[in-house]
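S.K.: Have a look at the structure that comes next, please.
Nothing in this text is a laboratory measurement; each read-out follows from the coordinates by a stated rule. Note that the structure is predicted; figures quoted are calculated from it, not measured. All Cβ positions, even for glycine, are placed from backbone atoms using ideal geometry, and neighbour counts span all protein chains on display.
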Amino acid sequence: MHLTQLLTLGFLAIGTVSAVPNLRTRNQCPGNQEWRGFERQCKCDIDQLWDDFMQKCHFPAHERPSCESGEKAFCAKSEHEFYEFDEHNKFCFDNGHNEAFCCKPEELHEKIHEKYPEEHPPCRPDMNWNSGEKKCKCEKGKEDRDGKCKHPVMEKPECEEREHAFCAKDKNHFCEFGEQHKPGKGS
């Protein structure tokens, strides 16, 4: 082979390799996963798992409660949203809103009404009524801050002398710890 032919084959090989698309980018995460820039991969939110069958992230299911004779296990989110226990049903996911409990099937509606009285105060769209605590709550892993359900603030890391703490989502979205990210900052 001549040098010209070798160079041509080499450039073709390089062009072919660089033409292979990146299968996962920040706009192409499957389901409700989010792009994690520093890890360079799509991931579920904190405490959630990826479900291949449902093609989405969700919290793991509650443990099946131990029921007495004549009782069945149920899961509920509200007075109108309940289901017989099934670890794949969204009302059985342990997200901080749903509950798993036992009762006799003929007493289910009475038990649901007891747990979720119609008189409870209305909750914001990002919150649900928690029957155990008798108040509106954010989903598991989030807290009410500035009138919205948000992840808790990270603790400030200890830095060596002359170092500064930063928060970052990716290379384009970062700020010094304690500041808000402003468009254009970190570019």
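S.K.: Could you tell me which of the pairs LYS115/LYS142; LYS43/LYS104; LYS104/LYS148; LYS56/LYS171; LYS104/LYS135; LYS90/LYS142 are separated by over 29 angstrom between their Cα atoms in the structure shown?
M.R.: LYS43/LYS104; LYS104/LYS148
S.K.: For region 32-88, state which trypsin sites (Lys or Arg not before Pro) are in a DSSP loop and have at most 12 other beta carbons lying within 10 Å of their beta carbon.
M.R.: ARG40
S.K.: Looking at region 33-140, which GluC sites (Glu not before Pro) are DSSP coil and have at most 13 other C-beta atoms within 10 Å of their C-beta?
M.R.: Within region 33-140, the qualifying GluC sites (Glu not before Pro) (loop, at most 13 other Cβ atoms within 10 Å) are GLU39, GLU63, GLU68, GLU87, GLU118, GLU119, GLU133.
S.K.: Which aspartates and glutamates, if any, have their Cα less than 20 Å from the Cα of LYS134, not counting same-chain residues under 8 positions apart?
M.R.: Answer for LYS134, where 20 Å is the Cα cut-off: GLU79, GLU81, ASP94, GLU99, GLU110, GLU114, GLU118, GLU119, ASP126, GLU143, ASP144, listed by chain and number.
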